[in-house]
């Protein structure tokens, strides 16, 4: 924000210098547009700051309720204020997180599961692997955007790492996804371009996880969807 304030002065000078040369007021409009953007950015930043402060003031039970709500919407860990706030606390009851996963049993428990994995590996691994893989594969199949998972050829987010830690109990659910050509977009600038370059689909993510869970830890995702389709045809599903 400080950079915007510093660079505003030359813009004002240019406006006064050029206004007489351009009676149609193009520069007035440009300056007004920039000022509007600055005001909007300031307003958004204030809302973000206020929201984060309100979450910091919440006790753990309230934050856990918020976490469950955001998890049911498949919010990514980095986009869940409740997740980020709880992750930074030292007094979170991880048994409560485990209970949330056991009671929910599906993709709605993705954030409690990943938070438990981050805070208490022992309690996390005490959960049946079938339960963990069920939560992860359900969340994968229901994803509308795939930033929670990363890009198979480039980087993996924690949800993908957690799924790769599961045993072959995840395979039946993944194999059912091999026939699903639903687009698997990610948002962002560079990562979105990479996703578009590969034309990622849900079946491609399933292929990646299946190959690794079956023991091919050096599997590299082919760039061409046709090449991936050829590999998919070779997997019973």
Looking at region 124-147, which of its residues are outside any helix (DSSP H, G or I) and without any contact (Cβ under 8 Å) to a residue 12 or more places away in the chain? 128
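Please go through region 161-174 and pick out each residue that is in contact (Cβ under 8 Å) with a residue 40 or more places away in the chain, crowded, with 16+ Cβ neighbours inside 10 Å and not in a loop (DSSP other than H, G, I, E, B). Full working, then the answer.
Looking only at region 161-174, we keep the residues that are in contact (Cβ under 8 Å) with a residue 40 or more places away in the chain, and these are 162-164, 166-171, 173.
With the extra rule that they be crowded, with 16+ Cβ neighbours inside 10 Å, the set shrinks to 162-163, 166, 169-171, 173.
Listed by number, the residues that qualify are 162, 163, 169, 170, 171, 173.
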Any chance region 142-160 includes a residue that's touching a strand residue (DSSP E or B) at 6+ places or on another chain (Cβ under 8 Å), over 30 Å from residue 56 (Cα atoms) and crowded, with 22+ Cβ neighbours inside 10 Å? no
Identify, from the list 186, 135, the residue that is on the phi < 0 side of the Ramachandran plot and touching a strand residue (DSSP E or B) at 6+ places or on another chain (Cβ under 9 Å). 186
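I'd like to check which helices (runs of 4 or more DSSP H) are fully inside region 1-115 and have at least 2 residues that are more than 20 Å from residue 139 (Cβ to Cβ) and modelled with pLDDT under 95.
Working: elements: 2-18, 26-56, 60-72, 81-87, 94-104.
Fully inside region 1-115 and qualifying: 2-18, 26-56.
Is one or more of the residues making up region 209-228 within 19 Å of residue 76 (Cβ to Cβ), part of a helix (DSSP H, G or I) and touching a helix residue (DSSP H, G or I) at 6+ places or on another chain (Cβ under 6 Å)? Give the derivation first.
Applying the first criterion (within 19 Å of residue 76 (Cβ to Cβ)) to region 209-228 yields 209.
So of that shortlist, the ones also part of a helix (DSSP H, G or I) come out as 209.
Still in the list and also touching a helix residue (DSSP H, G or I) at 6+ places or on another chain (Cβ under 6 Å): 209.
Taking every residue of region 209-228 in turn, at least one turns out to be within 19 Å of residue 76 (Cβ to Cβ), part of a helix (DSSP H, G or I) and touching a helix residue (DSSP H, G or I) at 6+ places or on another chain (Cβ under 6 Å).
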Cβ-Cβ distance below 9 Å, separation of 6 or more or different chains: which pairs start in region 186-213 with a residue that is over 26 Å from residue 234 (Cβ atoms) and outside the structural domain of residue 146 (by TED's automatic domain parsing) and end on one that is surrounded by fewer than 21 Cβ atoms within 10 Å (Cβ to Cβ) and modelled with pLDDT under 95? none
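The values are calculated or read from the model by the stated rules, or taken from the named source; none is laboratory data. Everything quoted here is computed from the prediction, not taken from an experiment. As a convention, Cβ positions derive from the backbone with ideal geometry for all residues, glycine included, and neighbour counts pool all protein chains shown.
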